[in-house]
Amino acid sequence: MRKNLNVIVAYSIMMGLIMLVGFFQSWNMALSIFNLCLISAVMTMGANIQWGYAGLINFGIMGYTALGGLAAVLISVDPVEEAWRVGGFDILMCFWFIVVMILVVRFILKNYAKSKIRTYSVAAIIILGIIIIRVTAEPGIEAIEAVDPATTGFLGGFGLPIIFSWIVGALFAGGLALVVGKVALGLRSDYLAIATLLISEIVIAIIKHEDWLTRGVKNVIGLKRPAPYEVDLQTTQWFINLVEKFNSGKLNVISDIAERQSVLNQLVIEGSSVFVKLCYSGLFLIVVVFLLILTQKALYSPWGRMMRAIRDNEEAANAMGKNVVKQHLFIFILGSAIVGIAGAMLVTQDGLFTPGSYRPMRYTFLIWVMVIVGGSGNNFGAILGGFVVWFLWIEAAPIALFLINLFTSGLSETHALKVHLIESVPYFRYLMMGMGLLLIMRYRPKGILPEKIEIK
């Protein structure tokens, strides 16, 4: 208990801050922050596995997050039958042609010695394959995108519960990580960072521009939810009775029946939103706890000690007979798969898929800041970093506005300085993020909860 006191104190303070948001702003806002913190915690665990366990730099978190979001679309959206009828066959033919092309290239690389002839053959197959795919797919793609483009214009998905997309998102991200790892993990750390960032940009570009698959920048809205809809709760008697019972003290002081009913209706509307967010909180918390248990077991297992040994001294680990390349590839796939789960969770909560929102600032560098602030190599630290940074990211503007009004209370509302500061509130989050990061790097260079080496 005593050795974990710093963890308990840090998380208690964080939960206290979220509760203060509930008391002083609204519980809807507090739960929204809490849910986004939980999703960020999943992302930071994925990044921490790669960097904290193995020392691998992955600046492609944005791409794996987007693949998780794509999985949510492909799993939950109902298939567009007209689109499949007019262009589905062409897409399926191209898919099987790609599979055959990959198998042929793999066969050549595996069974023939390295030579110019082999290199030219593989290049010719890829170039010819791209041409054939383009010619074959183009008519089908145009026909699919022409099917009611204002509402569909894509193939749709499988119409399954969206929660299955969390698993599929992990598979998509892990599959891409396998390909990227095979190509890029042999690069030096700085080149690896550049390569992963560029590959993630390629993934985002494909998702943005392949309307037949994702609707592109036209977005996909109205995705299925694992939680009830607010409008349904507002007309459900058991929920109305629950809200009435929970707020009986407030309602009993109102004597006028019409006014009492009006207040109850408003409480039901507000309560429905809180209830839905609590449902998401429960689902996300299960995922975070499950992943935390697994990652903690892995961290203190012989495998975890081996990964830290590889991280600290690759040459020595290689001399001891450890397959460094294989272990790097495995942990790269594992961390990326966890990020893919988070991407699917995020789209599940939002109920929409917006490819244009996948920007490096939010989905890559902010996640890295979370890991660094919390403490790389420490799962509790990485999760705490997700909470701290995301809380500060959301609450920076309200905090800045409060401080501006406090320190300029003696000035008139039209004073030039006060007006300028209030208009600059949206930019204060960058100032506060920078100041917070500088302070932590100065006084806690290893993070709020630094890595602790324990033998269990």
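The values are calculated or read from the model by the stated rules, or taken from the named source; none is laboratory data. Note that the structure is predicted; figures quoted are calculated from it, not measured. Cβ atoms come from the backbone with ideal geometry, glycine included; neighbour counts cover every protein chain shown.
Here are some notes:
- Looking across the range 57-84, the residues that are within 22 Å of Leu197 (Cβ to Cβ) and surrounded by fewer than 24 Cβ atoms within 10 Å (Cβ to Cβ) come down to Ile57, Phe59.
- Contact map, the range 178-189: first residue of a type in the set (A, V, I, L, M), second residue assigned to a loop (DSSP other than H, G, I, E, B) and crowded, with 17+ Cβ neighbours inside 10 Å, Cβ cut-off under 8 Å, separation 6 or more or different chains; pairs are Val180/Gly60; Leu185/Leu56.
- Sole exception among (1) loosely packed, with under 14 Cβ neighbours inside 10 Å; (2) touching a Phe, Trp or Tyr at 6+ places or on another chain (Cβ under 7 Å) for Arg308, by number: (1)
- Looking across Ile49, Ile61, Ile57, one residue alone is modelled with pLDDT under 90, out of contact with any strand residue (DSSP E or B) (no Cβ under 6 Å at 6 or more places or on another chain), of a type in the set (Val, Ile, Thr) and within 30 Å of Val325 (Cα to Cα). It is Ile57.
- Hey, Tyr443 over 27 Å from the mean Cα position of the chain (by Cα) and among the aromatic types (Phe, Trp, Tyr) or not: yes
- For the range 411-453, the set of residues classified as surrounded by fewer than 16 Cβ atoms within 10 Å (Cβ to Cβ), closer than 18 Å to Gly385 by Cα and of a type in the set (Gly, Ala, Ser) consists of Gly434 only.
- The helices (runs of 4 or more DSSP H) located wholly in the range 193-283 that include 2 or more residues which are within 30 Å of Ala30 (Cβ to Cβ) occupy 230-233, 237-246, 248-252.
- Restricting the range 321-349 to residues that are part of a helix (DSSP H, G or I) and free of Cβ contacts under 8 Å to residues at least 40 places away in the same chain, the residue that is farthest from the chain's Cα centre (by Cα): Val324
- Given (1) over 12 Å from the mean Cα position of the chain (by Cα); (2) buried (at least 24 other Cβ atoms within 10 Å of the Cβ), number of the condition Gly386 does not satisfy: (1)
- Residue identified as in contact (Cβ under 8 Å) with a residue 12 or more places away in the chain and either within 27 Å of Phe284 (Cα to Cα) or over 18 Å from the mean Cα position of the chain (by Cα) (or both) among Thr196, Thr214: Thr214
- Options Ile133, Ile102, Ile144, Ile125: the member that is surrounded by 12 or more Cβ atoms within 10 Å (Cβ to Cβ), outside the structural domain of Ala337 (by TED's automatic domain parsing), in contact with a Cys (Cβ under 7 Å, 6 or more places away or on another chain) and in a helix (DSSP H, G or I): Ile133
- Residues that are under 16 Å from Leu334 (Cβ atoms), β-branched (Val, Ile, Thr) and modelled with pLDDT of 90 or more were ranked within the range 270-320; the one that is farthest from the chain's Cα centre (by Cα) is Ile293.
- Selection of the range 157-180 for residues being surrounded by fewer than 22 Cβ atoms within 10 Å (Cβ to Cβ) and assigned to a loop (DSSP other than H, G, I, E, B) yields Phe158, Gly159, Leu160, Pro161.
- Per this entry, Leu392 is not counted among residues that are at pLDDT below 85 and either assigned by TED's automatic domain parsing to the domain that holds Ser26 or farther than 23 Å from Ser336 by Cβ (or both).
- Taking the criterion of being more than 20 Å from Ile162 (Cβ to Cβ), more than 15 Å from the chain's Cα centre (by Cα) and assigned to a helix (DSSP H, G or I), the residues of the range 50-80 that qualify are Gln50, Trp51, Gly52, Tyr53, Ala54.
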